[in-house]
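Q: Please read through the structure below; I'll follow up with questions.
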Amino acid sequence: MEFCGTELAHTQVMRSGFERYPFVWTALFDLYSGFCFDFEIARRLFDELSKGNAVSRTTMISGCARPGKMSNALLLFDEMPERDVSSWGVVIAGCIQTGLF
């Protein structure tokens, strides 16, 4: 994998103690999925976030949908306990972008 700087940000988050904040985890897996396209690390971070909320789940769905990995995005969407307008919007946009809708 090519170095994209996300690993440096991740290291700084861990060193500074900000890993306890869910919104920081959300930003990290958005960086991994959206800029590095490393879905394995993004998914691992997502799974480590013990209490995923609608924002973190929608971010992960968006990270899968942007490069066209709609099967992963739809699986995450199906796992959501509650879906809001944002999550529906991300899924619909992804489906339109990939020609599924």
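The values are calculated or read from the model by the stated rules, or taken from the named source; none is laboratory data. This one's a predicted model, so the numbers in the text were calculated from it and none came from an experiment. As a convention, Cβ positions derive from the backbone with ideal geometry for all residues, glycine included, and neighbour counts pool all protein chains shown. For the accessible areas, the whole protein counts, side chains as well, though only heavy atoms, and no ligand, DNA or RNA atoms are used. Shrake-Rupley method; radii C 1.70, N 1.55, O 1.52, S 1.80 Å.
Q: Out of region 9-25, which residues are farther than 15 Å from Phe46 by Cα and either surrounded by fewer than 10 Cβ atoms within 10 Å (Cβ to Cβ) or in contact with a Leu (Cβ under 9 Å, 6 or more places away or on another chain) (or both)?
A: Result: Ala9, Val13, Arg15, Ser16, Gly17.
Q: Looking at the structure I just gave you, is Gly34 part of a helix (DSSP H, G or I) and over 19 Å from Gly99 (Cα atoms)?
A: Judged against the criteria, Gly34 is a match.
Q: Follow-up. Can you tell me which residues in region 74-101 are surrounded by 15 or more Cβ atoms within 10 Å (Cβ to Cβ) and in a helix (DSSP H, G or I)?
A: Leu74, Leu76, Phe77, Ser86, Ser87, Val90, Val91, Gly94, Cys95, Thr98
Q: I would also like to ask the following. Could you tell me whether region 53-61 includes any residue that is basic (Lys, Arg), in a helix (DSSP H, G or I) and under 16 Å from Pro22 (Cβ atoms)?
A: Among the residues of region 53-61, at least one is basic (Lys, Arg), in a helix (DSSP H, G or I) and under 16 Å from Pro22 (Cβ atoms), which makes the answer yes.
Q: While we're on this one: Out of all the residues in region 44-73, which are open to solvent by 60 Å² or more (accessible area, probe 1.4 Å) and free of Cβ contacts under 8 Å to residues at least 24 places away in the same chain?
A: Arg44, Asp47, Glu48, Ser50, Ser71
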